[in-house]
Amino acid sequence: MKNTWRFGEAEFNYIREVLDSGFGSGTSGGMNNRFEVAFAEKVGAKWAVTFNSGTSTLHAALHALGVGYGDEVIMPALTVISNLSVTLAQNAIPVFADINENTFNIDPDDIERKITPRTKAIQVVPIYGLPCQYDRISEIAKKHDLPIINDAAQAFGAKYKGRSITETCSITSYSLENSKHITTGDGGIIVTDSEEYAARMRKFGSLGYAAMTSGDGRIRLNRKVFQDPNYKRHDDLGLNYRMPEVAAAVGLAQTERMDFFLKTRLDTANLYDEVVKDVAYLTPQLVPDDCESSYWCYSLRYLHDEISWQDFSDKYVEFGGDGVYAAWALTYHETLISSGAWKRHCPPLYQDLEYENGLCPIAERVQPTIMQLVNNYGSLEEAQPKVEALHKTIQYFG
Ligand SMILES: Cc1ncc(COP(=O)(O)O)c(C=O)c1O
């Protein structure tokens with residue numbers, strides 16, 4: 001079946017522009033630059049830098065903040081593995097903070113409890129599109145002079161106290177993988193108001209080219225100088241995480257259409273809300289009054305005493321619902337950690353570290369009960385039968 005809503009004329013036109021240009025230099029980045037400027041404006045940040053994933057963006061953020069050997073990085077226990085992976089890649093120490101039982105977001109009080117003299121950064125994750133408690137987190141961060149990395153992979157367009165969720169954080173990262181509000185197939189984009197961080201991240205996402213700046217990805221600013229045999233190109237570490245121009249073309253068009261994608265997810269979430277509102281054993285993720293979720297998915301806790309999570313999920317699919325997704329296992333429960341394989345990344349540092357069960361008791365209790373319902377439809381007409389399937393499942397089990 002042809003997908004008619006995700007990509008439109010604009011995407012094809014911008015791709016054609018890139019191909020018609022014959023690419024030119026792989027690092028000239030005309031379309032990347034246009035995408036960055038449009039995206040930065042859309043989310044209310046000064047600088048944006050494109051990447052090939054929402055994991056490489058996070059890696060660049062840690063690099064830009066100078067996180068390195070033996071530094072501690074705080075992150076929620078319930079999140080994607082990427083927050084851990086990039087921390088290990090920097091030979092830093094992951095520190096897990098517990099979550100709030102109702103919002104599933106990182107608990108600011110536990111962040112504060114976990115801060116030590118070795119803490120170098122705090123990664124927060126507005127999970128499923130729900131903003132974190134940014135004021136409280138910023139207060140803690142300021143008190144301890146720590147930067148906040150806001151992993152908003154799932155939270156395009158989310159608002160906190162009526163403002164963009166980028167405002168109180170040093171750096172905000174987005175994934176453009178294909179389940180996200182806007183997508184380039186795979187990709188990432190990161191924003192900041194700091195010129196210095198933007199330049200460091202851009203260099204890291206390329207090959208550490210000296211000529212790169214916060215807003216400019218070109219490396220041959222002066223051909224004559226660049227082609228001088230004595231010219232030194234690289235003044236920082238870079239891992240070549242760049243976004244291809246064709247992907248940036250899609251990203252630019254998707255940014256222009258972002259409001260449509262946001263509205264459709266919000267409207268679909270409202271439909272789910274209606275269906276579950278009087279069902280005692282289904283507790284939707286709590287959206288505090290000061291938050292506007294962008295509902296990457298529709299999440300809830302499944303608390304039925306007699307019908308198992310799996311039986312409910314199977315019946316939902318039988319009635320025509322899309323699959324129910326389980327929440328990620330807590331990061332410190334992943335095999336990467338429990339098998340000890342993670343220690344190979346820096347044996348002298350990690351040898352004696354263990355992450356015991358019971359570390360984040362709320363997250364441990366909440367994670368097995370979470371259900372994530374698909375919220376990524378092109379229209380309410382498309383969403384309606386899926387929501388109806390949930391209604392039928394609830395009626396079936398009573
Ligand atoms: C919260 C969060 N952060 C980071 C990522 C990583 O993004 P990517 O898959 O683009 O590397 C994801 C998932 O894709 C995510 O959900």
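The values are calculated or read from the model by the stated rules, or taken from the named source; none is laboratory data. Note that the coordinates shown come from a computational prediction; the quantities given were computed from them, not determined experimentally. No Cβ is skipped: glycine too gets one built from the backbone with ideal geometry, and neighbour counts run over all protein chains shown.
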Residue match in segment 271-282 (condition: touching a strand residue (DSSP E or B) at 6+ places or on another chain (Cβ under 6 Å), surrounded by fewer than 21 Cβ atoms within 10 Å (Cβ to Cβ) and either among the charged types (D, E, K, R) or outside the structural domain of residue 182 (by TED's automatic domain parsing) (or both)): yes
Check on residue 394, surrounded by 16 or more Cβ atoms within 10 Å (Cβ to Cβ) and in contact with an Asp or Glu (Cβ under 7 Å, 6 or more places away or on another chain): no
Any hit, segment 69-82, residues being under 21 Å from residue 207 (Cβ atoms) and in contact (Cβ under 8 Å) with a residue 40 or more places away in the chain: no
Residues of segment 62-106 that turn out to be surrounded by fewer than 18 Cβ atoms within 10 Å (Cβ to Cβ) and either under 25 Å from residue 135 (Cβ atoms) or charged (D, E, K, R) (or both), as a count: 2
Flag if residue 79 is farther than 19 Å from residue 170 by Cα, out of contact with any helix residue (DSSP H, G or I) (no Cβ under 7 Å at 6 or more places or on another chain) and hydroxyl-bearing (Ser, Thr, Tyr): no
Residue match in segment 203-221 (condition: over 18 Å from residue 60 (Cα atoms) and under 21 Å from the mean Cα position of the chain (by Cα)): no
So residue 64, is it in contact with a strand residue (DSSP E or B) (Cβ under 9 Å, 6 or more places away or on another chain), under 30 Å from residue 256 (Cα atoms) and either in the same structural domain as residue 209 (by TED's automatic domain parsing) or within 16 Å of the ligand (Cβ to nearest atom) (or both): yes
Filter result for residue 84 (within 16 Å of the ligand (Cβ to nearest atom), over 15 Å from residue 199 (Cα atoms) and not hydroxyl-bearing (Ser, Thr, Tyr)): yes
Filter result for residue 36 (in the same structural domain as residue 243 (by TED's automatic domain parsing), within 23 Å of residue 194 (Cβ to Cβ) and among the acidic types (Asp, Glu)): yes
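Have a look at 97, 77 and point out the one that is small (Gly, Ala, Ser), within 16 Å of the ligand (Cβ to nearest atom), touching a strand residue (DSSP E or B) at 6+ places or on another chain (Cβ under 8 Å) and within 19 Å of residue 369 (Cβ to Cβ).
Of 97, 77, the one residue that is small (Gly, Ala, Ser), within 16 Å of the ligand (Cβ to nearest atom), touching a strand residue (DSSP E or B) at 6+ places or on another chain (Cβ under 8 Å) and within 19 Å of residue 369 (Cβ to Cβ) is 77.
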Qualifying positions in segment 280-301 - in a loop (DSSP other than H, G, I, E, B) and out of contact with any helix residue (DSSP H, G or I) (no Cβ under 7 Å at 6 or more places or on another chain): 280, 281, 286, 287, 288, 289, 290
